[in-house]
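Nothing in this text is a laboratory measurement; each read-out follows from the coordinates by a stated rule. As the structure is a computational prediction, the values presented were derived from the model and not from experiment. Cβ sites come from the backbone with ideal geometry, for glycine too, and all protein chains shown count toward neighbours.
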Amino acid sequence: MKSERFMQKRMEYRLRINRLIGVETKSVNLPIDHYLSQLVGILPVLRELRRGETITQTATRLGMSQPALSRTISRWESELSVRLVERRGRGIELTAEGAALADAAIEALSVFQPALEDLLGDRNLRPVRLGTLRSIAGELGPLIGRSSLPANVSITEGSSDDLLWLIERGEIDAAIIGPKPTDARFTWQFIRNQEIVLVVPKDHRLARHDAVELKEVEGEHFVAMTNKYTTRDLADQLCAEAGISPTISVESDSSYTLRTYVASGLGLCILPEIMADLDPNIATVQVRRPNGELATREIGLVKMAGRPLPTQVNATLRMLLARPINAFRRPPSP
């Protein structure tokens, strides 16, 4: 009895698939590869739906009208008896089933799309999508300008966590971040170490020192990056190593704003050297750890492990980082 019910359900499912792809009932015994070949067009749509924006924005990226996309989604849901999306006001949200299919679509396209781009042989098919920390985005300009790159470069700025998420989603190819991620799903190419400095007002008692242990500023107020940035994580770690728990007067997501706060006397700040631009109203002092070593953070290039990239993307990244020794370093004071 169970076997009969199973066969009946299997036949009903095949009939639904047949209606969806326009196959006659007599063709129900076609191999599954046939159905997959007919439904492959759903993959890019699912990938775009995963971004969770409005129907209109999703349709625009796909080159479709909003009504056409809505009808397409409704048709899939009706024929497959699976709810793919839920409406949330003007936006959309994938259901658990829709999200599972979308994640599989993203993974499939991350392999198929680069192979297709290489096959087409169009070196300018799309730009290299490179993510970078906001603090070092400006340093990419000279690198790009000095190199005859085989492809254009599109820069996306964000925190390390944000950029890793974009790599995972396949929305960017690689990112220059620090420190090295602990997630084994990402590869890491070391570029250089950045020195960590204590930013102080120009008339501070430590302003003319070459290096300082944070224990020497115990009890002073600090200003800091918000806690979504790895720069803040590093600052907190260095303070913990030194055995101090500074009072944070102000938080900001802008290193420029923090430098103005330091100059105004609101507090000291721990930043990578490149974020502490030369300013006549502040001074920077290297941070020395309790073990005597100068504090640094690693900067490197991160990609998704096992995910192939188009030839021109890899070539561009190699050329871009061909001279990494002086890259992402604050220029010396005159």
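Computed from label points 7 Å out along Cα-Cβ, the spacing between residue 240 and residue 188 is 1.7 nm.
Could you compute the net charge surrounding residue 190? Neighbours are other residues with a C-beta less than 11 Å from the C-beta of residue 190; K and R count +1, D and E count -1. Neighbourhood net charge equals +1. For the pair residue 227 and residue 249 in one chain, pulling the backbone fully straight at 0.36 nm per residue adds 6.5 nm over the alpha carbon distance. Between residue 256 and residue 168, the modelled labels are 3.1 nm apart [label points 7 Å from Cα along Cα→Cβ]. Of the GluC sites (Glu not before Pro) found in the stretch 182-244, no site is in coil according to DSSP while having at most 12 other Cβ atoms within 10 Å of its Cβ. Quick check: from the Cα gyration tensor, does the stretch 193-296 come out rounded (a/c under 1.5), prolate or oblate? It comes out rounded by the Cα gyration axes. FRET efficiency for the residue 263 to residue 291 pair, using the beta carbon distance and R₀ = 22 Å, is estimated at 0.10. As a length-normalised measure over Cα pairs under 8 Å and 6 or more apart, the relative contact order of the stretch 193-296 settles at 48 percent. When you filter the trypsin sites (Lys or Arg not before Pro) in the stretch 192-256 for DSSP loop state and at most 14 other Cβ atoms inside 10 Å of their Cβ, you are left with 202, 205, 208, 228. Length available on full extension from residue 322 to residue 72: 0.36 nm per residue minus the Cα-Cα distance, which gives 85.4 nm. The Cβ shell under 12 Å around residue 158 holds other residues with a net charge of -3, Lys and Arg each +1, Asp and Glu each -1.
If you take the beta carbon distance between residue 220 and residue 134 as r and set R0 to 30 Å, what does 1/(1 + (r/R0)^6) give as a FRET efficiency, to the nearest 0.05?
Numbers: r = 26 Å, r/R0 = 0.88.
Rounded to the nearest 0.05, the efficiency is 0.70.
If the chain linking residue 203 and residue 154 were pulled fully straight, counting 0.36 nm for each residue of separation and taking away their Cα-Cα distance, it would gain 13.5 nm.
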